[in-house]
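Comments concern the structure below.
The values are calculated or read from the model by the stated rules, or taken from the named source; none is laboratory data. These numbers come from a predicted model, not from an experiment. Every residue, glycine as well, gets a Cβ built from its backbone with ideal geometry; the counts of neighbours run over all protein chains shown. Each accessible area value is taken on the protein alone, full model and side chains, heavy atoms only, with ligands, DNA and RNA left out. Shrake-Rupley method; radii C 1.70, N 1.55, O 1.52, S 1.80 Å.
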Amino acid sequence: MAEQQEEKQSTPPRRHPALKVFLWIIGILFALIVILFIASFFLDEPIRRNMERRVNRDLKGYSVRIPGLHFQLINLSLTLKGMTVIQQAYPNPPVVYFPRLKASVHWREIFSGRVVGEFRLDQPRVNINLQQLQAEARSKVPVKQRGWQKAVEDIYPLKINTLTINDGSVTYLDVDGKNPISLTHVNLRATNIRNIHLPDKVYPSSFRFDSTVFGTGRAAVEGRANFLAEPVPGIKAGLRLEKVPIDRLKRIVARANLAIEGGILEAAGDVEYAPAVKRAHLQKLSIKGMRLDYIHSAKTAAAEERRAKAAKKAAKKVTNKQDLLLRVDELALTGCTLGMRNEMPGKRFRVFIADTDISLTNLSNNFTEGPAKAKLSGKFMGSGVTSATATFRPEKKGPDLDLYVKISNTQLTSMNDLLRAYGNFDVSKGTFSLVTELHVKNDAVRGYLKPFFKDMQVYDRRKDKDRSLFHQLYEMLVGGVAKLLENKPRQAVATKADISGPLEKPHTSTMQIVVQLIKNAFFRAILPTFERQVTSSQKR
């Protein structure tokens, strides 16, 4: 009996049959995983070569190089390393560089009955320059026919449902390759791109974008979208810009004859763009500390005229358009200097308003939103205290506006370049003031412009001793006329230009009409035709 008990104790216990089956399954799976893991490395190079060939076959005008690839059979993920995209016309720099791009099955959506993919891009870099943009614009092949969608499918056959970009950058280089304009730390996440969830919603997908702008600014856009909408995707999002240094755009805006220095931009608003609606709404847009000059020159005169016509045509196209609403609740400029430089031969001058504060409210392309109102304060030519108000009403029968401007005690010496350009004289002392009121309605204008000159001294023997005799006589003539016109006891030269009658070009834009009215009245009232008088005297 004791021997039987001892034999039972020495005999090992038998394993349950189910446990043996489970262990076999685990062993087989482990072996299969190891085999798949090892096999993945043998597949990488054939897949890489085939993918690079197919992508380049599908693209038009661009080429792709894929130096590294790893396909993981275990989870069906694909990782590309060092992928570059170049434009064939201008291959340097590469348009896009992907240090690491990972595509995989979006496993969570398997439970929804959909097999879709997700893409993750780490530190992608986009580089573009003016030559590449011009080549793209000249191309006769539409973007939709460049093969981009087919190329993405060649990389990974599943439709993208989730896209994540981490720490990307976008850099623009101008012609000279200097002072790049860049967005850095670009992050983007878009989900439910294939509308698997909430398909009955107008915007079933969600997305968020944020970036550093021009080194110190910040941009953020967050909202919802329908990326599958036809004929164009639809989005509805809020946006915010903070501390954006806009003078980084100086080389770009220079092509529009604008010279910009300094300036910090901030904005907040929302946008909705879809097949059935197009709306951009800014609650506030502000610019602080900007110096902006418009430059008129002989070299660019023809281009300026073309741009003006194009701007007029574009403005007319969007004004009161029913399916498009552009609106700014408040546009504010603070501590800015706004000027105009004339660089035409023989008539070089600059006029400007310093310390300018402007508030423009209820600005819209659709005047059913109500009238827009503007207020301005500043210093004309750095010394003349200036204030202006304007009201722009619905343009049912052409431009409809009221404008009031007052300038007080501008130092006349600061206007000498202007006086020499249009009156062929300058001054050694004196002040200038101006009051104007203009009303435009029903293709007609009425109002007045009244300038005042006080203590004006035109001829100075010491300053003008090196000038020609005729010019000295001319300046003496101007000074004499000023003395005759003095309004004693205030010792001010005053005249008044009444402005009334039909508009010369009633279909001109409101802004062009305002500028032309002030320019014509200003020079006719302030700068009498002394130049013609002295020219006629010289001929005698």
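Annotations
- To the nearest 10, the accessible area of Glu305 is 110 Å² with a 1.4 Å probe.
- Legend: distances between Cα atoms for Lys347/Lys450; Lys373/Lys454; Lys236/Lys284; Lys250/Lys454; Lys284/Lys317; pairs beyond 29 Å are Lys373/Lys454; Lys250/Lys454.
- Members of Lys60/Lys140; Lys288/Lys375; Lys288/Lys313; Lys140/Lys178 lying beyond 23 Å, as alpha-carbon distances in this model show: Lys288/Lys313; Lys140/Lys178
- Pairs of Cα atoms in region 272-353 fall into 5 Å distance bins, from 0 up to the last occupied one, in shares of 3, 11, 13, 14, 17, 17, 13, 8, 3, 1, 0 percent.
- With only the Cα atoms considered, region 145-193 has a convex hull volume of 119 Å³ per residue.
- The heavy atoms of Asp323 offer some 70 square angstrom of accessible surface to a 1.4 angstrom probe.
- Shown is the FRET efficiency for Gln149 and Met344, computed with R0 = 41 Å from the Cβ-Cβ distance and rounded to the nearest 0.05: 0.20.
- Percent of Cα pairs exceeding the 20 Å cut-off, where the set is region 107-207: 59 percent
- Local net charge near Val271, Cβ-Cβ under 13 Å (Lys/Arg +1, Asp/Glu -1): +3
- Among Trp107, Trp148, the order of accessible area from largest down is Trp107, Trp148, computed with a 1.4 Å probe on protein heavy atoms.
- Size of region 196-258 from its Cα atoms: along the principal axes, largest to smallest, the extents are 48, 25, 13 Å.
- Total formal charge among the other residues, if their Cβ is under 13 angstrom from that of Ser377, Lys/Arg +1 and Asp/Glu -1: +1
- Exposure ranking of Ile193, Ile86 by accessible area [1.4 Å probe, largest first]: Ile86, Ile193
- Largest-first ordering by accessible area, 1.4 Å probe, given options Arg108, Arg420: Arg108, Arg420
- Building the convex hull from the alpha-carbon atoms of region 326-384 and averaging its projection over directions returns 5.4 nm².
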